[in-house]
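The values are calculated or read from the model by the stated rules, or taken from the named source; none is laboratory data. Predicted model only: the values in this text are computed from it and were never measured. Note that we place each Cβ from the backbone using ideal geometry, even for glycine, and neighbour counts take in every protein chain shown. Heavy atoms of the whole protein, side chains included, go into the accessibility calculation; ligands, DNA and RNA do not. Shrake-Rupley method; radii C 1.70, N 1.55, O 1.52, S 1.80 Å.
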Amino acid sequence: MNRNYIAGEWVASAAGAANINPSNTNDVVGDFARASVGEAEAAIAAAYDAFPAWSRSGIQQRHDILKKIGDEIIARKDELGHLLSREEGKTLPEGIGEVTRAGQIFQFFAGETLRLAGDKLASVRPNVDVEITREPIGVVGLITPWNFPIAIPAWKIAPALAYGNCVVFKPAELVPGSAHALAEIIARAGVPAGVFNLVMGKGSVVGEALLKSPKIAAISFTGSVATGRKVAQACIESNPMKKMQLEMGGKNPMVVLDDADMKVAVECAVNGAFFSTGQRCTASSRLIVTDGIHDRFVDAVTERLKGLVVDDALKAGTHIGPVVDQSQLDQDLSYVRLGREEGAKLAFGGELLNRATPGFYLSPALFTDVDNGMRIAREEIFGPVATVTRVKSYDEALSAANDTPFGLSAGICTTSLKYASHFKRNSEAGMVMVNLPTAGVDYHVPFGGRKGSSYGPREQGRYAEEFYTTVKTAYSFDGA
Ligand code: ADP
């Protein structure tokens with residue numbers, strides 16, 4: 001498995017690294033490649049050389065390849081879900097769900113290959129026609145994070161290929177197993193040599209090689225704000241400048257109003273904040289709750305948390321798997337300490353747990369008495385840690401919800417049409433949820449945010465064409 005997929009061949013890598021199961025650190029999932037700059041450059045060159053032919057390939061061919069990839073992913077969802085949960089730590093049902101979604105994304109973009117449309121208009125000049133078409137952009141570098149090891153790669157690779165681009169894919173260091181399995185499926189589906197390449201390795205080596213290469217036309221990145229900023233700078237400094245799409249953090253508010261259905265509100269909060277171990281950029285990490293329901297809501301959430309099982313991701317009955325690795329666990333624990341120092345009250349959890357196997361087990365942490373200005377309410381923690389902020393009114397809730405450097409997802413639990421409608425219109429987030437968790441989105445509609453969360457065109461759904469194509473405006477005079 002210690003290999004990369006370059007120019008249609010599986011090539012042994014000069015170096016490798018162990019992939020460790022966060023539910024059981026004695027379990028090594030495998031040894032996976034750590035590519036060098038040279039290997040990354042070979043992949044980029046292969047993609048560059050493959051582009052002219054692939055960009056002119058027929059849409060039926062692209063459709064069939066993408067459909068085949070999607071079908072195989074779905075047919076093998078249990079096995080791939082097991083691998084994903086083993087290397088990343090989300091529960092097996094969550095892992096299988098993510099794999100299913102990845103397959104659906106490929107199937108969706110298989111259809112999209114047949115639907116790419118343009119415009120034909122009359123010119124303002126007589127006897128001249130104007131045609132507006134979309135063309136592929138070239139070689140795209142895809143840099144992905146560890147928290148969705150197959151879905152995020154799928155929602156970048158599928159549209160990239162659908163619209164005729166060539167791909168160099170660099171997955172996150174922590175989850176090479178799912179990336180490798182996905183690449184095997186893609187390789188078998190009939191993609192011509194060089195059109196799709198997998199180079200596994202470090203951000204500072206492989207990632208930076210992609211950012212530096214003049215042969216890469218565009219970068220789609222999902223990860224932290226700090227790295228996103230570096231990616232953006234590198235894209236601007238490169239010659240020619242690269243098109244870029246950045247999906248970064250979130251600090252997503254979930255407003256709970258007095259008139260909320262308590263059962264719905266508790267489920268939204270618990271699912272949104274703590275499932276997938278809170279390691280989602282759309283996690284409901286800020287619960288903003290009005291006075292009249294606050295105490296009952298906190299009691300009900302705490303009761304629900306007491307009943308959740310934190311354990312091995314692969315064990316039946318586990319609700320919350322481990323944190324992904326030691327450094328993420330250290331970050332979570334440092335925020336739990338910080339919350340106390342800032343004067344918030346730890347109402348539940350935030351403790352290391354011992355289980356049958358050594359792993360990064362942390363009980364879900366709920367802070368109350370949180371002022372929206374505290375660092376635990378402003379900075380993305382990326383773990384099973386949520387804050388509760390008490391507010392007096394809907395207006396105060398809305399302004400706290402929007403008072404954040406981020407703007408990915410925002411939710412409200414209410415039975416009032418008036419407040420739900422107002423919140424949908426006035427939330428400064430890219431995605432708004434009413435009586436639903438802030439996390440958990442459909443695969444056929446746009447995904448993305450505002451402010452510090454995102455930069456560039458949306459991902460997913462037909463909106464993905466905005467990033468993965470470039471527009472050409474052609475004029476023709478009929479000579480009359
Ligand atoms: P996280 O680890 O929280 O997902 P990062 O932003 O560190 O967030 O990582 C996201 C992706 O960006 C990973 O694939 C990582 O290897 C890559 N990466 C990290 N540093 C760089 C860099 N300097 N240049 C390009 N890619 C990078």
- Just checking, how many residues over the stretch 427-480 are under 19 Å from GLY164 (Cβ atoms) and not aromatic (Phe, Trp, Tyr)? 14
- Query: Any idea how many residues of the stretch 457-480 are within 15 Å of the chain's Cα centre (by Cα) and part of a loop (DSSP other than H, G, I, E, B)?
  - Reply: 3
- Task: Could you grab me the full set of residues in the stretch 153-176 that are of a type in the set (Val, Ile, Thr), more than 10 Å from the ligand (Cβ to nearest atom) and not in a strand (DSSP E or B)?
- Result: ILE157
- Task: Kindly indicate which of GLU379, GLU396 is within 16 Å of the ligand (Cβ to nearest atom) and open to solvent by 10 Å² or more (accessible area, probe 1.4 Å).
- Result: GLU379
- Query: Of the residues GLY138, GLY111, which single one is at positive phi, away from the ligand (no atom under 16 Å from the Cβ) and not charged (D, E, K, R)?
  - Reply: GLY138
- Item | Residues of the stretch 277-294 satisfying the condition of being over 15 Å from ALA429 (Cβ atoms), open to solvent by 10 Å² or more (accessible area, probe 1.4 Å) and among the small types (Gly, Ala, Ser) | GLY292
- Message: For the condition part of a loop (DSSP other than H, G, I, E, B) and buried (at least 17 other Cβ atoms within 10 Å of the Cβ), what is the one hit in PHE360, PHE423?
- Response: PHE360
- Message: With the requirement that a residue be surrounded by fewer than 21 Cβ atoms within 10 Å (Cβ to Cβ), over 18 Å from GLU459 (Cα atoms) and within 12 Å of the ligand (Cβ to nearest atom), what does the stretch 213-234 give you?
- Response: ALA226, THR227, ARG229, LYS230, GLN233, ALA234
- Being away from the ligand (no atom under 16 Å from the Cβ), in contact (Cβ under 8 Å) with a residue 24 or more places away in the chain and surrounded by fewer than 19 Cβ atoms within 10 Å (Cβ to Cβ) is the filter here, so list the residues in the stretch 235-266 that pass it. ASN239, PRO240, ASP258, ASP259, ASP261, MET262, VAL264
- Item | Residue satisfying all of: in the stretch 1-40; over 20 Å from GLU184 (Cβ atoms) and outside any strand (DSSP E or B); modelled with the lowest pLDDT among these | ALA14
- Could you list, in sequence order, all residues of the stretch 41-65 that are within 17 Å of PHE169 (Cα to Cα) and either open to solvent by 70 Å² or more (accessible area, probe 1.4 Å) or not in a helix (DSSP H, G or I) (or both)? GLU41, TYR48, ASP49
- Selection status of LYS202, within 12 Å of the ligand (Cβ to nearest atom), touching a residue at least 40 places away in the same chain (Cβ under 8 Å) and surrounded by fewer than 18 Cβ atoms within 10 Å (Cβ to Cβ): yes
- Task: Working only within the stretch 341-374, note down all residues that are of a type in the set (D, E, K, R) and out of contact with any Lys or Arg (no Cβ under 6 Å at 6 or more places or on another chain).
- Result: GLU341, GLU342, LYS345, GLU351, ARG355, ASP371
- Query: Out of all the residues in the stretch 129-150, is one or more open to solvent by less than 10 Å² (accessible area, probe 1.4 Å), in contact with a Leu (Cβ under 6 Å, 6 or more places away or on another chain) and not hydrophobic (A, V, I, L, M, F, W, C)?
  - Reply: yes
- Message: Which of the numbered conditions does ILE69 fail, given that it passes all the others? Conditions: (1) free of Cβ contacts under 8 Å to residues at least 12 places away in the same chain; (2) open to solvent by less than 10 Å² (accessible area, probe 1.4 Å).
- Response: (1)
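In the stretch 310-334, which residues are surrounded by fewer than 21 Cβ atoms within 10 Å (Cβ to Cβ) and either under 25 Å from the mean Cα position of the chain (by Cα) or farther than 28 Å from CYS413 by Cα (or both)?
LEU314, LYS315, ALA316, HIS319, ASP325, GLN326, SER327, LEU329, ASP330, GLN331, LEU333, SER334, listed by residue number.
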